[in-house]
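None of the figures in this text is laboratory data; all of them are computed from the coordinates on show. Keep in mind the model is a prediction, meaning the values are calculated, not measured. In this analysis, Cβ positions are derived from the backbone assuming ideal geometry, glycine residues included, and neighbour counts consider all displayed protein chains.
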Amino acid sequence: MLIRIKKASDIDSRELTDKAVYESRREFLRSAGALALAGAAGVGGLLASAPVTAGAKLSDYKKGAYGAGLEPTSYKDITNYNNFYEFSTDKEEPALLARDFNPRPWTLTVEGEVEKTGTFALEDFIKPHALEERIYRFRCVEAWSMVVPWIGIPLRDVIKRLQPTSKAKYVEMRTLYDPKRMPGQRRSLLPWPYLEGLRLDEAMHPLTLLAVGLYGEELPNQNGAPLRLVVPWKYGFKNIKSIVSLRFVEQEPKNTWQVINGREYGFYANVNPQVDHPRWSQARERRIGEFLKRDTLMFNGYADEVAGLYAGMDLKKFY
Ligand code: MTE
C-alpha cells in the first residue's frame with residue numbers, strides 16, 4: 001500500500017517465503033503463545049462471552065461448495081504474513097503484536113438507512129449453526145495471493161435481518177478504534193478508524209462473507225478477529241478486519257485507502273489484470289508458498305458470478 005516504500009514488483013520471493021525468518025519468529029511466538037493458550041483452556045467454542053484466545057476450534061460448520069481444485073495456503077503463511085496496520089505495517093509483526101488483543105466481548109453498531117438500528121452483541125449476528133467453510137482465492141493489491149479456507153456466514157443473511165430502507169444504497173464498515181489495544185493506531189499512519197464500503201448489491205452478493213474463522217478455528221487476531229469481511233473478487237484492502245459498525249447510506253462512502261491516495265486505490269477495487277496499479281502491473285501475482293508467478297484472473301476467478309454487477313461500467317474509471 002502507499003506507506004510501503006518498496007513497490008510490489010520489487011518484492012523478492014525470498015521475502016515472501018523465507019521460512020528461516022518465520023521459523024525463528026514462530027519459535028518465539030510458540031513459547032509466548034503457550035502461556036496465552038493455557039489461559040484459554042476450557043473455552044467452549046465460538047462466541048462464548050468469556051475471553052477467548054485465537055485458536056479455539058469451531059465445530060458444526062458445514063462445508064460449502066466453493067473452492068474445488070484450490071489448494072489452501074498453509075496456516076502458517078496465512079497467519080504470519082498479514083496486512084493489519086492497526087498493529088504494524090510489517091507483514092510478520094501483527095501475529096506478535098496482536099497476540100494479547102482480546103476480541104471478547106464484542107459489539108456491532110448498526111446505523112443509518114435501516115430498520116433495526118442499535119448496538120448488538122456479536123452473538124446476535126452470527127449463529128454458530130449457520131457457519132459455512134468456503135475456500136476462496138485472496139488477492140492483495142500488492143500482487144501476492146493466497147487461498148484461504150474461511151468460515152463465516154453470507155453478509156446478505158445479516159443484512160436481510162437488519163432490513164435496509166429503500167434509501168440504503170451502500171454499506172460502510174468500520175474497524176475498532178482503540179489505540180490502547182491497537183498500537184498502530186497510536187501513530188497517524190492512516191486516518192483511523194479504518195473504513196471500507198460496498199454497494200448494497202455487492203454486499204448482498206452470495207459470495208460476500210462475514211468471516212469468524214479460518215482453518216476450522218476462530219479467526220486469529222492478526223487476521224481480523226472476531227469478525228472481518230471477505231469479498232473474494234476484490235483486492236485485499238476491501239476485506240476490512242475487526243468490524244464494529246455497519247452504516248447504511250445513500251451516497252458512496254469513502255474508504256480509507258481512497259482517502260489516503262485516491263489515484264491509486266478506488267472504491268471498487270475489483271481484481272482486474274487489465275487495469276494496472278499506477279506503480280505496478282496487476283497482470284500477474286505471486287501465490288504465497290509458490291515460486292513462479294501465475295496470471296491474475298479477472299475478478300480473481302469469480303467473473304461468472306460477479307461480472308453482471310458491473311455490466312456497462314468502465315472498469316478503468318471505476319477501479
Ligand atoms: N483491515 C484493517 N482494519 N486494517 C488493515 O490494515 N489491511 C487490508 C485488509 N483489511 C487492513 C484491513 C489489506 S491491505 C489486506 S491485503 C488484508 O486485510 C490482509 O488480510 P490478511 O492479513 O488476513 O491476509
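What the table shows:
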item: Kirkwood Rh in Å, taken over all unlike Cα pairs in the stretch 69-201; result: 17.2
item: Stretchable slack from Q163 to L309, in nm (0.36 nm times residue separation minus alpha-carbon distance); result: 50.4 nm
item: Percentage, to the nearest whole number, of Cα pairs in the stretch 160-211 over 18 Å apart; result: 46
item: Convex hull (Cα only) mean projected area of the stretch 239-292, reported in nm² to one decimal; result: 5.7
item: Reachable lysines, given that their alpha-carbon falls under 19 Å from the alpha-carbon of K254 and they are not under 8 places away in the same chain; result: K167, K169, K234, K238, K241, K316, K317
item: Fully extended contour minus Cα-Cα distance, from D295 to A121, at 0.36 nm per residue; result: 58.5 nm
item: 3J(HN,Hα) from dihedral phi, the stretch 109-125, Karplus parametrisation 6.51/-1.76/1.60, rounded to Hz, x for glycine, proline; result: 9, 10, 9, x, 7, 7, 5, 9, 7, x, 10, 10, 5, 3, 4, 7, 8
item: Cα-based Rg and Dmax for the stretch 58-310, where Dmax is the largest Cα-Cα distance (Å); result: 17.1, 50
item: Kirkwood Rh in Å, taken over the stretch 132-240 so that all alpha-carbon pairs contribute; result: 14.9
item: Packing rank of 229-241, 171-183, 79-91, 114-126, where each peptide gets the mean count of other beta carbons within 10 Å, highest leading; result: 229-241, 79-91, 171-183, 114-126
